[in-house]
Structures are given as structure tokens and as C-alpha cells.
1. In what sequence do 69, 221 fall when counting other Cβ within 10 Å, fewest first?
2. Which value results when the Cα radius of gyration for the chain is divided by 2.2 N^0.38 Å?
3. By average Cβ neighbour count within 10 Å, what is the ranking of 127-140, 42-55 from highest down?
4. Within a 10 angstrom radius of the beta carbon, how do 225, 192 rank from fewest other beta carbons to most?
5. So, R0 is 25 Å and r is the distance between the beta-carbons of residue 302 and residue 171; what FRET efficiency does that work out to, to 0.05?
6. With each label point set 7 Å from Cα along the Cα-Cβ vector, what nm distance links residue 163 and residue 112?
7. Which of 83, 301 comes first, and how do the rest follow, when ranked by fewest Cβ neighbours within 10 Å?
8. Of all DSSP beta bridges in the chain, what percent run antiparallel (nearest 5)?
């Protein structure tokens, strides 16, 4: 069980890179963390330790050991986000270990950037299962535990703002990631309508490229364009500290959110000291609301229709 009053965070996709950093930094800030992903290992045999966080040697087992050796509280639980039964078991194990859930971070993801013509069906299906279905299943499985916690909690989703340039050259990938952002928007509206003012779901995306396994091959040439994943965990911590009503349903960029919170110096996050990483995201993003935003007409509820059948 977690220490009295200790908050519990479940990080899905925490074996390497951004997910690992988020788990480590939430633990440093007093959270008991459950690190979840497919990859496990015998962490006691890994030398040198800790391993390169962007290498296959970094698993949920090594991340949990790293956190515990630094004085934090962590548990590793294997999960396959393509399998809803596996996701449900992850939540069961989380509650069995710590008794409650305060924060869910969904960082798990599959990536393939190519044209529609060059994206095979199997690759498309993998991305939808890990990205969209995995997120939806994890959120579904977590909701009863947030209810048990008095509807007090946060969900953080690694997905982008919605804008047309994002679709270019990676349509199949964008279909899933934008779908994740739609879940953020839609679930936030549910909670607002239902009066769940202490719940918030927020999406986060990098404003500049972040050092990870995906950037490893090009790092020698492009290190000056990269930021450390600590900028991501810093932004997530700031989101968790903000009032729920301030961040619910927001699609945020890490740097921009930190600027909103008064941060002006980002040097500590640069992989190369003194560099100025190129921004990969637009400075201005479209407002998705319409003039008739509050006009819902006669709302249809399929659950009520089904109960009458």
C-alpha cells in the first residue's frame, strides 16, 4: 500500500524515453508510481545501472528499480494495450497494490510516418489498436476507480492539438493520434455536463522534438534540435498542480503550457547547451469551438434507447 496520503500515478508506456522520465519525476515529487508496458527484464542483472533510457535495456523492471533505489515507491506491471483483459488486469493490480488511483498517464504508442499508399494495413491496425483502442480501454478500465476515489483525479494523454498540417505525410498515424485528442475533448465535456469538477483530462504534445529512442539514429547530427524529456515531465507536473477546471479538455504543448505558468528560461531542457531547438509545432492553433457550441438539440443516449428495446 502507498504511504498515508500518498498519491498514486499509473504511467502506461513507461519503459523508455518520455514515459520513463515522467515516472521518475512523478516519483521524485512524492507519487507512488505503477510503471506499465510490455517490456520486462531481470533488473537485478543489468550492468551498468541504470541503462541508457532510450535503449532496449530500459524496461519497466529497470525503471521501477531505478525509482526505488532513489528512495521512491514504484511497482512494475506488464501490460499489452492491444488486449483489454490485460488492461483490466493492470488496473486490478494497481488497486491491489496501492488501494486507489489519482493519476493516469497514457504514453503508450505505435508510430509509422508514411503516405497512405506506403502504410500497410497491418501497420495501420497496430497503430489504431495501441494508440486509440489502447487509450480508450485504459480510460474505460480506470473510470470505476476514479469513481471510487470520489471523482477526484487526472488523466494525461500524449496526443496533439488538432490542426490540418499534422495529417500531412502521416495520415494513418494522425487518424489515431487525433482520435486520442477527440477522446480528451469529449470526455472533458462529459465531466463538465455531469458536474465532475475535480476530474480533468488533458492532452500534451512537444513543441520541439524530444530526445527518445525514435531520435537516436539521427542524434549525432540533430542533437542541437532536441530537448530532454524532462521538459515533458515538468509540464505534466505543472498540469497536475493546476486546478482541474483550468486544464480539463485542453490540448497543450509542453513549452507553451510552462510559459503560461511563468517559465521563461528553457536552457536546462536543451540536449546541447546554448542551442535553440527548432519549434516543430505552430505557434497559433485553430479554435475548435463553433458559435452554436452550447446548442445540443435533443440529446440521444444509446444506453437509454437500448434499455427500452
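Here, each number is a calculation from the coordinates, and none is a lab measurement. Just so you know, these numbers come straight off a predicted model, no measurement behind them. Every residue, glycine among them, receives a Cβ derived from its backbone with ideal geometry; neighbour counts consider all protein chains shown.
1. On the way: 69 12, 221 8.
In order of increasing Cβ crowding within 10 Å: 221, 69.
2. Values: Rg = 19.4 Å, N = 309, 2.2 N^0.38 = 19.4 Å.
Expressed relative to 2.2 N^0.38 Å, the Cα Rg reads 1.00.
3. Details: 127-140: 21.0, 42-55: 13.8.
Peptide ranking by packing, descending: 127-140, 42-55.
4. On the way: 225 20, 192 14.
Taking fewest neighbouring Cβ atoms as first place, the list is 192, 225.
5. Numbers: r = 29 Å, r/R0 = 1.17.
Efficiency, from the Cβ-Cβ distance: 0.30.
6. Result for the modelled spin labels: 2.8 nm.
7. Values: 83 14, 301 8.
Ascending Cβ contact count within 10 Å gives the list 301, 83.
8. On the way: 2 of 31 bridges.
Counting DSSP beta bridges with both partners in the chain, the antiparallel share is about 5 percent.
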